[in-house]
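Below is one structure, written out as structure tokens; comments come after it.
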């Protein structure tokens with residue numbers, strides 16, 4: 001006679017992804033490379049922002065690379081490669097987010113230790129990438145002035161997992177009647193104390209401050225300073 | 001719809017558990033889903049029904065326990081539960097806090113294995 005019984009499991013559903021991501025993060029930290037996971041809606045301007053960042057880092061002699069996720073096409077990889085940095089496209093064929101193993105697979109053959117910065121441009125989506133750790137040290141949430149100031153309130157889950165935020169396309173702020181103060185209040189409401197960079201890939205505004213922040217985070221990583229607390233629980 | 005990926009992981013994990021318990025049919029699966037996990041319960045149920053076919057979970061009930069966000073309020077010196085997920089501040093004194101103590105859960109809590117018909121009847125008898 002088989003008795004009904006209850007197995008107390010108490011495990012994270014995304015355990016496999018979390019374990020691989022942790023392992024990847026340790027590997028990146030040992031190699032001295034700061035990894036940034038960029039998340040936003042489609043059309044926020046992640047690619048333009050990243051292309052500028054890559055070009056500026058390379059001009060300063062800072063080796064960097066990027067992997068970019070999209071459902072289809074390698075258009076973004078081709079745009080990013082114009083910066084001169086090594087870039088690889090991850091085509092997800094319908095999957096709405098990147099997972100750690102997809103990133104790992106696309107890094108094969110790259111000498112990670114020769115890099116100082118690695119950027120992961122996630123699939124444009126403000127919901128699905130939230131729960132997938134990609135082994136990054138910094139999660140950047142981007143919001144463009146054309147999207148409306150209340151985006152953080154509409155997608156608090158994702159903004160709340162970010163370490164830092166960037167407002168993009170500020171050159172269009174006046175035309176969009178963007179309410180800067182309201183946007184900052186909304187970001188603060190869903191992630192108290194998060195640092196926000198106000199940027200334009202077109203004019204270059206805010207990009208040097210962003211790169212200075214990355215340099216600071218990388219220095220701390222190389223020195224072994226514990227990173228600021230993030231995504232507790 | 002990332003719920004499909006999540007439901008697939010749930011089924012994989014449960015099948016592993018069933019195998020190491022020596023096999024059997026699953027009567028129920030209990031998940032703990034935090035308010036900040038960005039998982040839509042209906043989408044998760046829909047996905048679960050798709051991916052469980054032809055597995056030991058084929059007739060399993062999906063139980064979802066939702067967990068509200070709990071933050072630490074430094075001013076009050078205690079954990080407080082938030083009524084929503086749009087303002088990370090103490091609902092009582094208004095102090096903002098990013099110190100999250102609960103609400104991100106995406107956990108498989110337990111798996112209930114079904115007994116055979118006789119054992120289920122016997123178990124019912126014990127309960128009465």
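Values in this text are rule-based calculations from the coordinates and carry no lab data. In this text the structure is predicted, and so the values were computed from the model without any measurement. We place every Cβ from the backbone using ideal geometry, glycine too, and count neighbours over all the protein chains shown.
For the protein assembly as shown, pairs of C-alpha atoms spaced more than 33 angstrom apart make up 35 percent of the total. Based on Cα contacts under 8 Å between residues 6+ apart, the range A:122-233 shows a relative contact order of 24 percent. Could you work out the helix-only [θ] at 222 nm for chain A, with each DSSP H run of four or more residues adding -39,500 (n - 2.57) and the total divided by the number of residues, to the nearest 500 deg cm²/dmol? Calculated mean residue ellipticity at 222 nm is -10500 deg cm²/dmol.
With a Förster radius of 45 Å, plug the Cβ-Cβ distance of residue A:101 and residue A:185 into 1/(1 + (r/R0)^6) and report the FRET value to the nearest 0.05. The computed FRET efficiency comes out at 0.75. Distance from the alpha carbon centroid of the range A:1-79 to that of the range A:145-207 works out to 21 angstrom. Modelled this way, with points 7 Å down the Cα-to-C-beta line, the labels at residue A:225 and residue A:74 are 3.9 nm from one another.
What's the FRET efficiency of residue A:176 with residue B:63 using the Cβ-Cβ distance as r and R₀ = 45 Å, to the nearest 0.05?
0.50
Treating r as the C-beta distance of residue B:21 and residue B:43 and R0 as 25 Å, the FRET efficiency rounds to 0.30.
Quick check on chain B: of the DSSP beta bridges with both residues there, what percent are antiparallel, nearest 5%?
About 65 percent, rounded to the nearest 5.
The alpha-carbon atoms of the range A:94-197, seen along their principal axes, cover 46, 29, 25 angstrom, with the largest extent given first. Using alpha carbons only, the radius of gyration of chain B set against its Kirkwood radius gives Rg/Rh = 1.12. Between A:109, A:193, A:45, the residue with the greatest mean-square fluctuation in the GNM of chain A (Cα pairs under 10 Å linked by springs) is A:109.
Of all DSSP-defined beta bridges confined to the protein assembly as shown, some 35% are antiparallel rather than parallel. A Gaussian network model of chain A, with springs between Cα atoms under 10 Å, assigns the largest mean-square fluctuation among A:219, A:139, A:60 to A:60.
Its relative contact order, with pairs defined as Cα atoms under 8 Å and 6+ residues apart, puts chain A at 23 percent.
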